[in-house]
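So the structure is just underneath, and the comments pick up after that.
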């Protein structure tokens, strides 16, 4: 397949519209030649299917961490013309709506934390439930749960599960407007009731990391984001809307399949790309329900942060504020949002689907909080638990090239089943501890699924987006403690 790509630059590869009947725009892969050659064939099939969707603008994009997903590849981006025939597709957002990353600084160094590391990880493992079906400590009835879907992280601050400043450092200030609870099924609400403050399973994790001086690539921007001391300790975690978001997506996929062709005459190449016109009743219902899952996910991560602050305060016997447990940012990577972008010199409102892709707004955008506006939006990229993670910054290049989007992680290269056959969780845990990474996991089979070699090299992925100028390296973090679902 690689031989059929047109090289646009060292990090951009194009699949022309002539590749497949029905493609309305070309597809573009952002990757080094090595990553593009290694991309699984299903990615090319899926991203060219995305290019056939009604209303798609400019290109169907796939980021360097791209791998096969449901409908869209994970790492897929597509902007739709909402004023014409543009559609909304759950397959372009993902089942784990607003799965995202949160990064928290401390004023601690590695030497400060080393004697307490195991106790911190053990306490976090007990205080932040992980794994399939995990239940959190926040108990809600249906009416209260509906309130969090409309209020988002503001609910947390009111209940004492966060600081007011946390809202400022969360995408959308922790609350996206336009939720209509009546468009969310009772089944979805029932699934979400007990899941606030939980990590979930799969590639979700909570990690204690170190910012070593040799891995600070832009000292000035790092300082703006709160990385100010050598060997500084940070906490990063990755989770989303759990079963609630999954049910919202499932409900509307079923609904879209029933009306798409019969009512709107839309024919698609893959039923996993089920969609509806954005401005149709069905499209607007899903948009309003999906926003509820975005807010629930912000609440989930906010409550987890509250528990992290409790654990650090308890173990280190200091107030969380004195320990400097402040947010750098919270970013989403499974959403669809209406945004303003320049297309052919004209500013237009478009619906940007990002599925396993992160917003990467460059300097000056009004959506970026004032503290960061001059440098660009922070972008938090998780790698595998064995390698490391990154803090990037958004660029003008991303605004011009990818509707302000970049990668979201390292991206799988191996199925979970294959990883479980190749690695033993118990052995992996021991080997990681010998290398200075203390891990607690719900299941050893789940740990085996997340072995480092099951993922692309995070440095290769970041190198690709950095060289493509759709985001820039700021800091690389090294893992020392991990709670795994």
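The values are calculated or read from the model by the stated rules, or taken from the named source; none is laboratory data. The shown structure was predicted, so the numbers you read here are calculated from the model rather than taken from an experiment. Every residue, glycine as well, gets a Cβ built from its backbone with ideal geometry; the counts of neighbours run over all protein chains shown.
Any residue in the stretch 367-381 that's at negative phi and in a loop (DSSP other than H, G, I, E, B): show its pairings with residues that are surrounded by fewer than 21 Cβ atoms within 10 Å (Cβ to Cβ) and at pLDDT 95 or above at Cβ separation under 7 Å, as long as the two are six or more apart or on different chains.
If the second residue must be surrounded by fewer than 21 Cβ atoms within 10 Å (Cβ to Cβ) and at pLDDT 95 or above, the pairs left are 369/168; 372/224; 373/363; 373/364; 374/363; 375/224; 375/363.
Out of curiosity, is residue 115 at negative phi, at pLDDT 95 or above and out of contact with any strand residue (DSSP E or B) (no Cβ under 8 Å at 6 or more places or on another chain)?
For residue 115, the condition - at negative phi, at pLDDT 95 or above and out of contact with any strand residue (DSSP E or B) (no Cβ under 8 Å at 6 or more places or on another chain) - is met.
How many residues are modelled with pLDDT of 95 or more, in contact with a helix residue (DSSP H, G or I) (Cβ under 8 Å, 6 or more places away or on another chain) and in a loop (DSSP other than H, G, I, E, B) when one looks only at the stretch 387-416?
Residues that pass the stated criteria total 2.
Strands (runs of 3 or more DSSP E) wholly in the stretch 1-115 with at least 2 residues that are surrounded by fewer than 20 Cβ atoms within 10 Å (Cβ to Cβ) - which ones?
Answer list for the stretch 1-115: 6-9, 100-109.
Of the residues that sit in the stretch 172-183 and are more than 23 Å from the chain's Cα centre (by Cα) and not in a loop (DSSP other than H, G, I, E, B), which one is nearest to residue 302 (Cα to Cα)?
181
Residue under question is residue 378, and the condition is that it be within 23 Å of residue 167 (Cα to Cα), touching a strand residue (DSSP E or B) at 6+ places or on another chain (Cβ under 9 Å) and surrounded by 23 or more Cβ atoms within 10 Å (Cβ to Cβ); does it hold? Talk me through it step by step, then tell me what you get.
On the way: within 23 Å of residue 167 (Cα to Cα): yes; touching a strand residue (DSSP E or B) at 6+ places or on another chain (Cβ under 9 Å): yes; surrounded by 23 or more Cβ atoms within 10 Å (Cβ to Cβ): yes.
It is true that residue 378 is within 23 Å of residue 167 (Cα to Cα), touching a strand residue (DSSP E or B) at 6+ places or on another chain (Cβ under 9 Å) and surrounded by 23 or more Cβ atoms within 10 Å (Cβ to Cβ).
May I ask you to list the residues in the stretch 145-171 that are in contact with a strand residue (DSSP E or B) (Cβ under 8 Å, 6 or more places away or on another chain) and either outside any loop (DSSP other than H, G, I, E, B) or within 11 Å of residue 295 (Cβ to Cβ) (or both)? Outline the logic, then answer.
Pass one, the stretch 145-171, residues in contact with a strand residue (DSSP E or B) (Cβ under 8 Å, 6 or more places away or on another chain): 153, 165-166, 169-171.
Matches in the stretch 145-171: 153, 165, 166, 170, 171.
Of everything in the stretch 240-253 that's in a helix (DSSP H, G or I) and in contact with a helix residue (DSSP H, G or I) (Cβ under 6 Å, 6 or more places away or on another chain), which residue is farthest from residue 302 (Cα to Cα)?
253
Inspect the stretch 132-144 for any residue being modelled with pLDDT of 95 or more, buried (at least 17 other Cβ atoms within 10 Å of the Cβ) and not in a strand (DSSP E or B) and give the result as yes or no.
Within the stretch 132-144 (the criterion being modelled with pLDDT of 95 or more, buried (at least 17 other Cβ atoms within 10 Å of the Cβ) and not in a strand (DSSP E or B)), the answer is no, since none of the residues qualifies.
Residue by residue, here is whether (1) modelled with pLDDT of 95 or more; (2) under 19 Å from the mean Cα position of the chain (by Cα); (3) outside any strand (DSSP E or B); (4) crowded, with 19+ Cβ neighbours inside 10 Å holds:
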{"site": "428", "(1), (2), (3), (4)": "no, no, yes, yes"}
{"site": "445", "(1), (2), (3), (4)": "no, no, yes, no"}
{"site": "453", "(1), (2), (3), (4)": "no, no, yes, no"}
{"site": "460", "(1), (2), (3), (4)": "yes, yes, yes, no"}
{"site": "473", "(1), (2), (3), (4)": "yes, yes, no, yes"}
{"site": "479", "(1), (2), (3), (4)": "yes, yes, no, yes"}
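Applying the selection to the stretch 184-209, what residues are surrounded by fewer than 21 Cβ atoms within 10 Å (Cβ to Cβ) and either modelled with pLDDT of 95 or more or farther than 29 Å from residue 479 by Cα (or both)?
Selection gives 185, 186, 187, 190, 191, 193, 194.
With the checklist (1) over 13 Å from the mean Cα position of the chain (by Cα); (2) modelled with pLDDT under 95 in hand, flag the one item residue 383 doesn't pass.
Going through (1) over 13 Å from the mean Cα position of the chain (by Cα); (2) modelled with pLDDT under 95 one by one, residue 383 breaks only (1).
Given the criterion surrounded by 24 or more Cβ atoms within 10 Å (Cβ to Cβ), touching a helix residue (DSSP H, G or I) at 6+ places or on another chain (Cβ under 9 Å) and either over 25 Å from residue 157 (Cβ atoms) or free of Cβ contacts under 8 Å to residues at least 24 places away in the same chain (or both), identify the matching residue among 237, 312, 256.
Exactly one of 237, 312, 256 is surrounded by 24 or more Cβ atoms within 10 Å (Cβ to Cβ), touching a helix residue (DSSP H, G or I) at 6+ places or on another chain (Cβ under 9 Å) and either over 25 Å from residue 157 (Cβ atoms) or free of Cβ contacts under 8 Å to residues at least 24 places away in the same chain (or both), namely 256.
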